[in-house]
Amino acid sequence: MRRWGAFCAVAALVVGVACGGGGEKGGSRREAGKAAAPAAPAPAAALERFPVPGGSGPHDVAPAPDGTVWYTAQAKGVLGRLDPATGRTTDVPLGKGSAPHGVIVGPDGAAWVTDPGLNAILRVEPASGEVKRFALPPERSGAVPHTATFDRRGTLWFTGNGGVYGRLDPATGAMQVYDAPRGPGPYGITSTPDGTVWYASLAGNHIARVDPSTGQATVIEPPTPNQGARRIWSDSRGRLWVSEWNAGQVALYDPAAGAWKEWRLPGDGPQAYAVYVDGRDGVWLSDFGANALVRFDPATESFTSWPLPDKPGNVRQLLGRPGEVWGAESAADALVRLRTAPAG
């Protein structure tokens, strides 16, 4: 089996970092973090499991407009596609040496893949399965392309865990790659409604704002030291939600106010990995410590938890569409769907 794990970031597990006290840091105003109450029970039937071929090592998922779901089969070097109606899966080969990490659906309806094995961004045409490769420059051989997002102009932005971030013009193929301000660690990435791009740096313990016009990144430090900011997602108001892996917290940064809030996930040893904000501004996380998917309600500051069907499940990323949240159990060769609204 391909040693696909070599492309994954490694972080020290620092669980239980204090989240109270302190003052301003990095020009930000902070509200003291809050300890979480036990998670409320959730309906078990709402979580569904879809097996994928053994040895796939599914990493990221992306629901497609036609009802299917793309997933990166990192261990096999292919892009998988699941039809939830039938349970059938198909594979799109991505090329020798591929170890795909992230996948999203672009404004053009195609699947866009970040592939550290090929050191490239890939576009996969849904109808034909045609793969178009946008290779990073040769001098960026250690970039480790990680996660991507599109801004409102249709530009694709991506992180490279090796210490870079970059942008790609899908129309021309023009690509610029920038050195991250503090070296290795760029991980999750998101774009806000106003077109600003933000990324989280796991090894660098910060988030960064990227000016789409200049490409310049400005570091913003969360209030908890060594928190392990892993993934990041914008809500409809342009506020940033961050999963803090080392600290076991979910954080909220409001750029307009320069203010932070943090909440520790329930349980004795939470490990917040993925974060996703749905169309109603519901905040979803995966928790390795509890082996669960977790919903955080910002209005009540409360958590609801759904145990994963496999132990361990190791869901590393979340994405959704109206009424559904999807993730991949990377340790169990399965995808999971959580219905957030009745089917039909």
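Some notes on this structure:
- Average Cα contact separation per residue, the stretch 150-292, under 8 Å, 6 or more apart, as relative contact order %: 14 percent
- For the stretch 67-77, the Karplus equation 6.51 cos²θ - 1.76 cosθ + 1.60, evaluated at θ = phi - 60°, returns couplings of x, 7, 9, 7, 8, 7, 8, 5, 6, 9, x Hz by residue, with Gly and Pro reported as x.
- Coarse-grained scattering of the chain at q = 0.08, 0.10 Å⁻¹, given as base-10 log I(q)/I(0) from a Debye sum over alpha-carbon atoms: -0.33, -0.53
- Packing around the peptides 112-122, 162-172, taken as the average count of other Cβ atoms within 10 Å per residue, puts them in this order, highest first: 112-122, 162-172.
- Cα-centred dipole magnitude for the stretch 47-339, charges only on beta-carbon of K, R (+1) and D, E (-1), debye, nearest 20: 240 debye
- Fewest-first ordering of Lys132, Lys96 by other beta carbons within 10 Å of each residue's beta carbon gives Lys96, Lys132.
- Estimated FRET transfer efficiency (Arg182, Arg133; beta-carbon r; R0 41 Å; 0.05): 0.90
- Relative contact order for the chain, counting Cα pairs under 8 Å that sit 6 or more residues apart, in percent: 17 percent
- The listed peptides 282-290, 301-309, ordered by packing as a protection proxy, come out as 282-290, 301-309 (highest mean of other Cβ atoms within 10 Å first).
- 3J(HN,Hα) along the stretch 287-294: 10, 5, x, 9, 6, 8, 9, 10 Hz, from the Karplus curve 6.51 cos²θ - 1.76 cosθ + 1.60 with θ = phi - 60°, whole Hz, x for Gly and Pro.
- Least to most buried among Leu47, Leu156, Leu202 (fewest other Cβ within 10 Å first): Leu47, Leu156, Leu202
- Unit charges at the beta carbon, dipole of the stretch 47-339: most positive-side option, Gly188, His206, Ser234: Gly188
- Residues Glu130, Glu262 arranged by fewest to most Cβ contacts within 10 Å: Glu130, Glu262
- In this structure the amide hydrogen of Ala120, modeled in the peptide plane, comes within under 5 Å of the amide hydrogens of Asp115, Leu136, none closer than 5 places in sequence on its chain.
- Table column - 3J(HN,Hα) (Hz), the stretch 132-141, Karplus curve with 6.51, -1.76, 1.60, x for Gly and Pro: 10, 9, 10, 6, 5, x, x, 6, 10, 5
No value in this document is a laboratory result; all are computed from the given coordinates. As the structure is a prediction and not an experimental result, all values here were calculated from the model. Cβ: placed from backbone, ideal geometry, glycine included. Neighbour counts: every protein chain shown.
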